[in-house]
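Peer 1: Quick one: this structure, given as C-alpha cells, is what I'll be asking you about.
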Amino acid sequence: MRLLRRPLRHLATLSRSYVSLGPSERPPAVHVLGKEYPTDYMTNVSPTIVSKLPLKLHTQPLHPLSTLRSLIESHFPTYAHLSSFSPVVTPYQNFDLLSFPADHPGRSVTDSYYVNKDLMLRTHTSAHEVEVFSRGETRWLLTADVYRRDEIDASHYPVFHQTEGAKIVTADAAGMQEIEDDNARLEEHLRRSNMVVEDVPHLSPTNPCQPAHDPKHTQLIAKNLKLSLNSLILHLFGGRSAAGESLRVRWIEATFPWTTPSFEVEVFFRGKWLEILGCGVIRQATLDNSNVPDKLGWAFGLGLERIAMVLYSIPDIRLFWSQDPRFLSQFRQGEISTFKPYSKYPACFKDVSFWLPHDISLHDNDFCDLVRDVAGDIVEDVKMVK
C-alpha cells in the first residue's frame, strides 16, 4: 500500500483514532479487558489494539515466543518468574518512577497508547519495576506484552513482548561478596565456551558511576551484569552458528533514563550484527522509589520477537499473531526450528490518496492504526509518496 497525502481544503473523515475526534464525536467510554474507562482528549487506543490485550502470546503452548520465554527462564532458575501484570498502567508508573524527563518523546500520543490522561498501555516491562522491588523480590524475570504506536512493515508492530530481568543485593560487604562469588562462577563457566566478547569499560567518563554509588561497587555490579548476560546469550545462541565458528558478542555504551552506566549488547549471527538487548546499573532514584535505598543492582530488557525472528528464521513480525495452522503446527514447545514459508501469493500494491483540511493534522501512526483497524495484518507495508 502506498499513501499519497495532499494537504488540500477538502473535508474527509479518515481515522477512528479517538484522539483526532472532537468531544461530541468521541465515545464516552472505552472497554479494556472487561472494564469500562472514561475517554478524554488523550484517548487514542484503537479497537485493533484492544483486541490484542487478552492474547498473551508468550503464555500460549507451542508458540515460538512461549518457547523463547521458557528458555530464558530456564537459565535463571533461582529467579522469580512473573507474567501476570495488567498492561494498563499510569503514566507515573510508566515514565516518572523511572526518571523519564518530562519532554521525553515516548510520552506523546503519537508514540504511546492512552486509555485516557490518567491511564495508558505500558510501553515497556520496566513500568512494573518499582512495584516488583517494593514486593520484596530481589531476583526476578518479568515477561509481558508491551504497546507502542509504530509504522507498518515486516519488522515493526504496535504490540510486542519483552522479558525484563533484575537482580539487587545489599550495598555492603556481604552483598559485594555475593556478587564476587557469582562473578567467579560465571567466569569459570564462560571460560570453557567458544565465545569471543568485545567489551567496553564498566565505567568511563561517558558512562559514569552514579554520585550516590561507590565506584568499586558499581564495577562489581556491572561485571556481574555482563557475565550474567554473556551466559544467557551463550545459552540462546551457542551451538547455532556454523560448525567451528565462535559466538561473537560485543558490548556498546548506551544511555537510558532508568540505568547508568548503561549498555547495549549485539550478537554476530548469520553474517550480521544484531542488537539483542539494553541493560545497566539501576538508578538510585528507582531503588529509592521502591523503598530499597540500601540495595544496588542491575536490570536488562530484551524483545522476544526480535530474537525469535532470528532463531526461527521468521521473516515477518506479524506472523507471530497468525492463527493459520500452517504457521502454528510447525512448532513444538521447547524446540527451536526453522520456519517454513507457506504463502505463494505475490504482493499486490494499492495506492490510497486523500485530502486533509488545513486545520486537521494526521500523524503517520494515526493512519497506520486506521489501516490496521480496517485491513488487519494483511497489509504488508505502508509508504508515504510525496
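The values are calculated or read from the model by the stated rules, or taken from the named source; none is laboratory data. Everything numeric in this text was worked out from a predicted model, so none of it was measured. Ideal geometry is used to build each Cβ from the backbone, glycine not excepted, and the neighbour counts take in all protein chains shown. Surface areas here come from the heavy atoms of the whole protein model, side chains and all, with no ligands, DNA or RNA. Shrake-Rupley method; radii C 1.70, N 1.55, O 1.52, S 1.80 Å.
Peer 1: Specify which of the listed residues (83, 46, 70) is small (Gly, Ala, Ser) and crowded, with 19+ Cβ neighbours inside 10 Å.
Peer 2: It is 46.
Peer 1: Name the residues in the stretch 267-291 that are open to solvent by 20 Å² or more (accessible area, probe 1.4 Å) and hydrophobic (A, V, I, L, M, F, W, C), would you?
Peer 2: Correct list: 268, 273, 274, 285.
Peer 1: Those residues that are under 28 Å from the mean Cα position of the chain (by Cα) and under 21 Å from residue 136 (Cβ atoms), I need them from the stretch 171-183; list them, please.
Peer 2: 179, 182
Peer 1: Check off (1) at pLDDT below 70; (2) part of a strand (DSSP E or B) for residue 377 and give me the number that stays unchecked.
Peer 2: Going through (1) at pLDDT below 70; (2) part of a strand (DSSP E or B) one by one, residue 377 breaks only (2).
To keep it simple, each residue is scored yes or no on (1) modelled with pLDDT of 90 or more; (2) surrounded by fewer than 16 Cβ atoms within 10 Å (Cβ to Cβ); (3) among the aliphatic types (A, V, I, L, M).
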{"site": "294", "(1), (2), (3)": "yes, yes, no"}
{"site": "302", "(1), (2), (3)": "yes, no, yes"}
{"site": "328", "(1), (2), (3)": "yes, yes, yes"}
{"site": "348", "(1), (2), (3)": "no, yes, no"}
{"site": "351", "(1), (2), (3)": "no, yes, no"}
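Residue-wise test of (1) in a loop (DSSP other than H, G, I, E, B); (2) buried (at least 16 other Cβ atoms within 10 Å of the Cβ); (3) at pLDDT 55 or above.
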| residue | (1), (2), (3) |
| --- | --- |
| 10 | yes, no, no |
| 23 | yes, no, yes |
| 30 | no, yes, yes |
| 66 | no, yes, yes |
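Peer 1: Are any of the residues in the stretch 50-62 open to solvent by less than 30 Å² (accessible area, probe 1.4 Å), within 23 Å of residue 372 (Cα to Cα), at pLDDT below 95 and assigned to a loop (DSSP other than H, G, I, E, B)?
Peer 2: no
Peer 1: If you check 209, 279, which single one turns out to be of a type outside the set (Val, Ile, Thr), under 25 Å from residue 311 (Cα atoms) and modelled with pLDDT of 95 or more?
Peer 2: None of the others qualify; the one that does is 279.
So that you can scan it fast, the table gives a plain yes or no per residue for (1) open to solvent by 20 Å² or more (accessible area, probe 1.4 Å); (2) part of a loop (DSSP other than H, G, I, E, B); (3) of a type in the set (Ser, Thr, Tyr):
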position: 97; (1), (2), (3): yes, no, no
position: 106; (1), (2), (3): no, no, no
position: 111; (1), (2), (3): yes, yes, no
position: 133; (1), (2), (3): no, no, no
position: 146; (1), (2), (3): no, no, no
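Peer 1: How many of the residues in the stretch 196-238 are more than 25 Å from the chain's Cα centre (by Cα), buried (at least 17 other Cβ atoms within 10 Å of the Cβ) and among the β-branched types (Val, Ile, Thr)?
Peer 2: Looking only at that region, the number is 1.
Peer 1: If you go through the stretch 237-259, how many residues are closer than 21 Å to residue 167 by Cβ and modelled with pLDDT under 95?
Peer 2: So the count comes out to 3.
Peer 1: A further question on this structure: Determine which single condition residue 201 fails, assuming it passes every other condition in (1) more than 30 Å from residue 97 (Cβ to Cβ); (2) part of a loop (DSSP other than H, G, I, E, B).
Peer 2: Of the numbered conditions (1) more than 30 Å from residue 97 (Cβ to Cβ); (2) part of a loop (DSSP other than H, G, I, E, B), the odd one out for residue 201 is (1).
Peer 1: Restricting to the stretch 80-92, name every residue that is more than 16 Å from the chain's Cα centre (by Cα) and either at pLDDT below 95 or not in a strand (DSSP E or B) (or both).
Peer 2: 84, 90, 91, 92, listed by residue number.
Peer 1: Taking the criterion of being open to solvent by less than 60 Å² (accessible area, probe 1.4 Å), at pLDDT 95 or above, under 30 Å from residue 52 (Cα atoms) and not aromatic (Phe, Trp, Tyr), would at least one residue in the stretch 174-194 satisfy it? Break it down into steps so the answer makes sense when it comes.
Peer 2: The first filter runs over the stretch 174-194 and keeps only residues open to solvent by less than 60 Å² (accessible area, probe 1.4 Å), leaving 175-176, 179, 182-184, 186, 190, 193.
Within this subset, residues satisfying the condition of being at pLDDT 95 or above are 175-176, 179, 182-184, 186, 190.
Adding the requirement that they be under 30 Å from residue 52 (Cα atoms) leaves none.
The answer is no; no qualifying residue exists.
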